[in-house]
Amino acid sequence: HWFSLTLSAMGRSIEALSEVQTAEQLDPRSPIIKTAFCQEYFYARQYEQALAKCQEALALNESFVPAYKTIRWIHQIRGNYPEAMAAFRKEYS
């Protein structure tokens with residue numbers, strides 16, 4: 001999954017999504033991998049898919065901060081500021 005983030009930073013989002021998908025297949029119960037998937041969808045502007053993956057991460061670990069951070073980003077970029085603040089509070093509680 002770390003390689004997927006490197007590919008994403010290089011602008012190679014299709015390859016990044018493929019790599020994180022492979023990582024998820026290898027470890028389907030990892031909240032960090034679910035969140036990496038969420039971030040890749042965020043960078044690809046696929047916000048609904050990103051939120052779904054973040055919710056999967058939180059189902060595995062309800063206090064997983066990186067998932068709340070990405071949820072906050074999604075709500076901020078969409079102008080959903082009350083939801084962004086709710087995610088921020090969970091991120092820093």
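What you get for the chain, charging only the Cβ of Lys and Arg (+1) and of Asp and Glu (-1), is a dipole of about 280 debye around the Cα centre. Estimated at the nearest 10 Å², the accessible area of residue 62 is 150 Å² with a 1.4 Å probe. Quick one: go through the stretch 1-17 and flag any residue whose amide nitrogen is under 16 Å from the point 7 Å out along the Cα-to-Cβ line of residue 61. It comes to 1-2, nothing else. How high is the FRET efficiency from residue 6 to residue 92, r the C-beta distance, R0 25 Å, rounded to 0.05? Plugging the Cβ-Cβ distance into 1/(1 + (r/R0)^6) gives 0.35. Relative to the longest principal axis of the Cα atoms of the chain, helix 31-43 runs at roughly 90 degrees. Dividing the summed helix terms, -39500 (n - 2.57) for each DSSP H run of n ≥ 4, by the number of residues in the chain produces a 222 nm estimate of -24500 deg cm²/dmol to the nearest 500. Normalised by the number of residues in the chain, the average gap of Cα pairs under 8 Å and 6 or more apart makes the relative contact order 20 percent. Helix 81-91 and the longest principal axis of the Cα set of the chain meet at an angle near 70°. Summing charges over neighbours of residue 25, with a neighbour being any other residue whose Cβ is under 15 Å away from its Cβ, gives -2 when K and R count +1 and D and E count -1.
The values are calculated or read from the model by the stated rules, or taken from the named source; none is laboratory data. Predicted model only: the values in this text are computed from it and were never measured. Because the Cβ atoms are built from the backbone with ideal geometry, glycine has one as well, and the counts that use them run over all protein chains shown. Just so you know, the surface numbers come from the protein's heavy atoms only, side chains and all, with ligands and any DNA or RNA stripped out. Shrake-Rupley method; radii C 1.70, N 1.55, O 1.52, S 1.80 Å.
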